[in-house]
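Everything on this sheet refers to the single structure shown next.
A short reminder: the numbers here are calculations on the coordinates, not readings from a lab. Here the structure is a predicted model, which means the values were calculated and not measured. Here the Cβ is made from the backbone with ideal geometry for all residues, glycine too, and neighbour counts use every protein chain on show.
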Amino acid sequence: MTHPSNRSFGSIAAHVSQDRLAQRLADMAKIGATEKGGVNRQALSREDGLARALLTSWATARGFAVSTDGIGNLYVRREGSDPTLPPVMTGSHLDSQPTGGRYDGVYGVLAGFEVLEALEDAGAVTRHPVEVVAWTNEEGSRFQPYCMGSALFAGKMDLEMVLACTDAKGVSVRDALAETLSLAPEMQVRDFGSPAAAYVEAHIEQGPRLEAEGKTIGVVQGIQGSRWFQVEVTGQEAHAGTTPHGARKDAFQTALKMVNALNDLMHDPDDIIRCTFGRFEVLPGSPNTVPGKVIFTIDFRHPDAELVKERGDKVAPLIQSLAAPCEVVVKETSTTAPVDFDPAVVDAVREAAEGLGYANRDMPSGANHDAKFMAPRCPTGMIFIPCKDGISHNELEYASPEHCHAGAAVLAETLARLAG
Ligand code: GLV
Ligand code: MN
Ligand code: MN
């Protein structure tokens, strides 16, 4: 994976431009900009398409090759000197939460793109090609499962299953993808799963630790496990003024019992288990109709594989046991085991941070990332930078230009080393 090199350490990082990166982040933040200063650029929306078109225009202006695949992952490639070698890859995602921030995902794509530009400006010749990828639908907020793009690349999902997934309005991935891709120029289409020499993803931390400790770089060791469920409780709509409680099939009251029991199941005195009910839809949503349907989601995470299995396996039976007098369907929409990153890549990130003089710490990732799906495929690692007050999945999300620059500089030195 690594090759000896006679370039001097820091020579690529020196070409990473803080201003250019900050400007590109600001330009991308205009696409789907919200009043509160964040972005709404959900997967396979019009805004997602416009963001792809903008990245593509920057790439072609610099002479980099662009390509896509059956799920719309967008690859930007700078060639290496040895055509037989697979690329060293980097990237993240351009899609956002519905009330998302300006950095989650897009920072990793643009930090990667900044490295391509720095390599170009330095006139560097790498043996491996270097590729930046914007993975499709990392967030999973509009379409479940999350990380569709990287999971398909890694051979962990079935394309037909993914294309048939629908959002809450019934729009399929297949239709949304066609519309999104129509906004970007035509480009070469490639197969999933082409070999990769390594994958390194830069991202904001999305938590408070780096900022609290005054550290600039997080050297990420791995990502915790995660299981997502969607629960559909069906009762019977009825008149709120006339229907005795004993005769009701109230989907909301039943769902409430389920949530309370799940909170007990997931209670953790050490506060390591994460359990979130992020979507809770009560239908028909009328004050004087007993709710006939509730749809809610469960996002459960923990770093220990056995606990993820043991506790996660109890979710569906517990919900089923509380369904009467309603009916319930529980669907597991995403399942990912914890992953450990490759020690050589982790060391390369740490050495790049040390060499550039950035205070750093080793740390796990609580959030999911496309790197989780790349880790079983090729040597993988991640670089975190601090974000203000640890806030993310929030329109107020902020990372300073200096920290964005530091992460890109560490990425540049890491990729330069891995790409020979
Ligand atoms: C990605 O944003 C996640 O859910 O961790
Ligand atoms: Mn992200
Ligand atoms: Mn996110």
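Over the chain, the reciprocal of the mean inverse Cα-Cα separation, the Kirkwood hydrodynamic radius, stands at 22.3 Å. Note that region 325-375, at 25 °C in a medium of 0.890 mPa s, gets a Stokes-Einstein diffusion coefficient of 172 µm²/s from its Kirkwood radius over C-alpha pairs.
Distance from the C-alpha centroid of region 18-83 to that of region 271-323: 35 Å, rounded to the whole angstrom. The charge dipole of the chain, taken about its Cα centre with unit charges on the Cβ atoms of Lys, Arg (+1), Asp and Glu (-1) only, comes to about 440 debye. Within the chain, what percent of beta bridges assigned by DSSP are antiparallel, to the nearest 5? Around 65 percent antiparallel, to the nearest 5. Against the chain, whose longest principal axis is taken from its Cα atoms, helix 46-61 shows a tilt of about 10°. Of the trypsin sites (Lys or Arg not before Pro) found in region 157-239, those in coil by DSSP whose Cβ has at most 13 other Cβ atoms within 10 Å are Lys169, Arg190. For Thr333, the residues whose modelled amide H falls within less than 5 Å of its own, excluding neighbours fewer than 5 places apart on the same chain, are Trp228, Phe229, Gln230. Springs join every pair of Cα atoms under 10 Å in this Gaussian network model of the chain, and among Ala371, Ala399, Ala251 the largest mean-square fluctuation is at Ala251. Placing unit charges on the Cβ atoms of the charged side chains and taking the dipole of region 226-336 about its Cα centre, the candidate lying farthest along the positive direction among His245, Pro317, His267 is His245. For region 226-336, averaging the sequence separation of C-alpha pairs within contact (under 8 Å, six or more residues apart) and dividing by the residue count gives a relative contact order of 47 percent.
Under the criterion of Cα pairs below 8 Å and six or more residues apart, the relative contact order for region 145-198 equals 35 percent.
For the chain, a Gaussian network of Cα nodes joined below 10 Å ranks Tyr103, Tyr75, Tyr358 by mean-square fluctuation, and the top entry is Tyr358. Normalised by the number of residues in the chain, the average gap of Cα pairs under 8 Å and 6 or more apart makes the relative contact order 26 percent. Between Gln188 and Asp347, full extension at 0.36 nm per residue minus the direct alpha carbon distance yields a gain of 53.7 nm.
The Kirkwood hydrodynamic radius of region 140-252, based on inverse pair distances between different Cα atoms, is 19.3 Å. In a fully extended conformation the segment linking Ser67 and Thr243 would gain 57.4 nm over its present Cα-Cα distance, using 0.36 nm per residue.
What pairs from Lys293/Lys372; Lys30/Lys309; Lys249/Lys314 go past 32 Å between their alpha carbons? Too far apart for the 32 Å limit: Lys293/Lys372; Lys30/Lys309. Taking amide H positions as modeled 1.01 Å from N, with prolines and chain starts lacking one, the residues under 5 Å from Gln221 and 5 or more places away or on another chain are Met363, Ser365. Here the Gaussian network model covers the chain, with springs between Cα atoms less than 10 Å apart; of Leu283, Leu25, Leu54, Leu283 fluctuates the most.
When shorter helices are ignored and each DSSP H run of at least 4 residues is given -39500 (n - 2.57), the per-residue value for the chain at 222 nm works out to -10000 deg cm²/dmol. When +1 charges are put on Lys and Arg Cβ atoms and -1 charges on Asp and Glu Cβ atoms, the dipole computed for region 226-336 relative to its Cα centre reaches about 320 debye.
Electrostatic bookkeeping for Gln224 treats Lys and Arg as +1 and Asp and Glu as -1; over the other residues with beta carbon under 10 Å from its beta carbon, the sum is +2. The amide H of Glu201, built 1.01 Å from its N in the peptide plane, has Gly381, Met382, Ile383 as neighbours under 5 Å, considering only residues 5 or more places off or on other chains. The Cα trace of region 226-336 gives Rg and Dmax of 15.1, 50 Å, the first to one decimal, the second as a whole number. Helix 305-321: angle to the longest alpha-carbon principal axis of the chain, degrees 0 to 90, nearest 10? It works out to around 30 degrees. With angles folded into 0 to 90 degrees, how steeply does helix 18-29 sit against the dominant principal axis of the chain? Use alpha carbons for both and round to 10. Its long axis makes an angle of about 30 degrees.
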